[in-house]
Structures are given as C-alpha cells and as structure tokens.
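Let me begin by presenting the structure, written as structure tokens, before commenting on it.
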Amino acid sequence: MSNLQNTTSSSIIFVLTGVPGLEAFHTWISIPFCFLYATALSGNSLVLFAIVTQPSLHKPMYYFLSMLSTTDLGLSVSTLFTMLGIFWFNAREISFNACLSQMFFIKFFTVMESSVLLAMAFDHFVAISDPLRYAIILTDSRITQIGVAIVIRGTLTLTPMVALLTRLSYCHSRVLHHSYCFHPDVMKLSCTDTRLNNAVGLTAMISTVGVDSILIPFSYVLIIKTILSIASPEERKKAFSTCISHIGAVAIFYIPLISLSFVHRFGKRAPAYVHTMIANTYLLIPPVMNPVIYSVKTKQICRAVIKILHSKDT
C-alpha cells in the first residue's frame with residue numbers, strides 16, 4: 001500500500017513521447033512547428049498591440065477580439081516549451097505538478113476560447129438586431145464583466161477535473177503518448193478507479209465547450225433570421241460580411257476539436273503518430289489562423305496592423 005501512495009506524490013516523473021515512430025525525424029518535424037509557433041505568437045501579439053494602441057479600435061467588437069488574441073497566446077505558450085524541448089533537446093521528462101499545471105492551462109485556454117467565441121456571437125447578434133442600443137448594451141463595464149465571467153467559468157469547471165488526478169495512484173508505465181500532458185492520457189496510466197475523474201472531466205467539457213457549440217449556432221439562427229428581415233439587399237450583404245471572420249474563427253476552432261475526438265474514438269487502428277500529430281496541430285490551428293482571418297477580413301484591423309508595421313519601418 002505504501003508503494004502505491006508513493007506513486008501519487010509530487011516526485012512522479014512522466015515521460016512525453018513526442019511523435020511516436022518518428023523520433024529520428026524530430027528535428028525536421030520541429031521546422032514547421034517553429035514556423036507555426038512564430039506565426040501564432042507574432043500574429044496575435046500584433047493584433048493585440050494594434051487594438052491596445054489604436055483609439056479607433058476601442059470598441060466592443062475589438063475588445064472581444066483582444067480577448068481572443070490573448071487566449072490564443074496563452075494556448076500557444078502552454079505547449080511551446082514541452083513540444084520544442086522534445087523536438088530540439090529530447091527533453092521528454094515532466095514532473096507531476098508541472099504536468100497538472102500544463103494540463104490545466106491547455107484546458108483553461110481551450111474553454112476560454114470557446115467562451116470568447118460565444119461572447120463574440122452575442123456581440124454580432126446585438127450589433128445586427130439592435131444597432132441603436134448596441135453601445136448602451138455592450139458598455140465597457142459590461143464587457144469587463146463578461147471577461148471576468150469567462151475566466152471564473154473556466155477556473156471553476158476545470159480545477160476539480162485537474163485536482164482529482166492527485167487522488168489517483170500511478171503504477172503503470174509513466175509514458176504519455178503526446179507532446180504535452182493530455183487529460184485522458186494521464187488517466188490511462190492510473191491503476192485505480194477513474195470513473196469519478198471521467199465523469200467530472202466529461203461534465204466540465206459538456207458544460208463549457210459542449211454548451212457553447214450549441215449556443216453559437218443558435219445565435220446564428222437568430223442572426224440570419226434578423227438579416228433576412230432587412231429590406232435592403234445592400235444592408236443584408238453588409239450584415240452578413242460582418243459575421244464572416246467570426247464564422248471562420250468558429251470553424252477553425254471546432255472542426256479540429258471534433259476531428260481529434262473522432263480520431264481518438266474511432267481511429268484506434270491508425271498509427272500512433274497520426275493521433276499525436278492531430279493533437280499537436282489542433283492546439284496550433286486557431287492561434288495561427290485567427291490573426292490571419294481577422295487581418296484579412298476586417299478592414300480596421302488590417303489598416304491598424306499595416307500602420308504599425310509601416311511605423312516600425314520608418
């Protein structure tokens with residue numbers, strides 16, 4: 001019994017796999033991942049800097065976009081060091097506490113991104129359905145309250161899920177099959193009953209990402225209904241165009257997430273490196289693509305970014 005208790009202490013060391021079966025190519029694999037991380041970090045930092053420094057962007061829509069960029073930065077940084085550490089230095093060991101911390105922040109920023117996308121859907125609905133009261137409804141204080149609520153929501157739902165891992169005993173292999181600490185991956189290493197952990201983890205994800213994935217399409221049903229009631233074709237086109245960037249952001253967040261779930265559930269015969277590569281890229285696609293989408297599709301952001309880049313050149 002004492003043996004099992006020792007395995008639950010903070011002295012536990014997990015071993016991250018990297019990309020199983022492709023260890024000899026880690027250096028080459030690191031090249032596209034370095035490019036993706038550099039793009040994600042620079043792109044989101046630039047968008048965030050533009051919104052903070054340009055007074056013309058101090059509006060509700062861009063405040064929500066700044067939350068999205070902050071979330072994407074956090075999501076990128078949460079996996080950056082372990083992933084590149086494996087690829088460059090074969091630094092595969094991670095302590096139990098560090099693993100729990102990384103797992104919490106990955107899940108936290110994932111839930112936060114889903115919550116921000118829901119808040120942005122609400123922003124679009126208010127802007128289209130009640131434009132005259134838009135500034136009254138979405139005041140600075142209300143946007144701050146929404147931001148605080150998003151943080152509290154993620155913290156309250158995810159803390160029990162991660163904390164419950166400390167009650168488990170780990171007497172199996174300590175090898176994790178990803179480049180970062182993945183919640184189901186850690187639970188598989190336990191030799192004690194994980195039904196409570198599974199239930200809490202499933203509840204946390206259903207009550208956050210699951211609920212958001214229903215509310216966001218529902219909000220677009222209301223948005224489309226409102227747009228179709230607009231008499232002017234030009235106004236309808238303008239209203240639809242304001243939603244394009246957000247729809248793109250929703251798609252690049254939920255499609256990889258759903259794909260990863262399907263691969264883990266139905267792709268058990270696929271090579272291990274397929275699971276790992278999908279898991280790695282799913283966390284990088286939204287941070288990489290969101291700044292591109294909003295810079296290309298939103299004229300104000302595009303102008304602000306060009307202005308900042310031009311001022312640096314001069």
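The values are calculated or read from the model by the stated rules, or taken from the named source; none is laboratory data. Bear in mind that the values here come from a model prediction, so they are computed numbers and not experimental data. Heads up: the accessible areas ignore ligands, DNA and RNA and are worked out on the full protein's heavy atoms, side chains in. Shrake-Rupley method; radii C 1.70, N 1.55, O 1.52, S 1.80 Å.
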Computed [θ] at 222 nm, helices only, for the chain once each DSSP H run of length n ≥ 4 contributes -39500 (n - 2.57): -25000 deg cm²/dmol
Accessible area (Å², per residue) of the chain, counting only protein heavy atoms and a probe of 1.4 Å: 50
Axial C-alpha extent at least 20 Å, average Kyte-Doolittle at least 0.5 - helices from the chain (DSSP): 26-53, 60-89, 96-129, 140-163, 211-228, 233-266
Computed accessible area, residue 108, all protein chains, 1.4 angstrom probe, square angstrom: 20
Residues whose placed amide H lies under 5 Å from that of residue 175, excluding near-sequence neighbours: 15
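Given the alpha-carbon gyration tensor of region 220-314, what are the semi-axes of its equivalent ellipsoid in whole angstrom, ordered largest first, with each equal to the square root of 5 times an eigenvalue? Before the final figure, lay out the partial values.
Values: eigenvalues 228, 120, 7 Å².
Equivalent-ellipsoid dimensions as semi-axes: 34, 25, 6 Å.
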Cross-link pairs 107/225; 107/297; 107/188; 59/299; 107/238 - those with Cα-Cα distance over 26 Å: 107/225; 107/297; 107/238
Rg/Rh (Cα only; Kirkwood hydrodynamic radius) as it applies to the chain: 1.01
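Against the globular-protein guess of 2.2 N^0.38 Å, express the Cα radius of gyration of region 57-168 as a ratio, rounded to two decimals.
Taking N as the residue count of region 57-168, the ratio is 1.34.
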Mean Cα-pair separation over length for the chain, i.e. relative contact order, pairs under 8 Å, 6 or more apart, %: 30
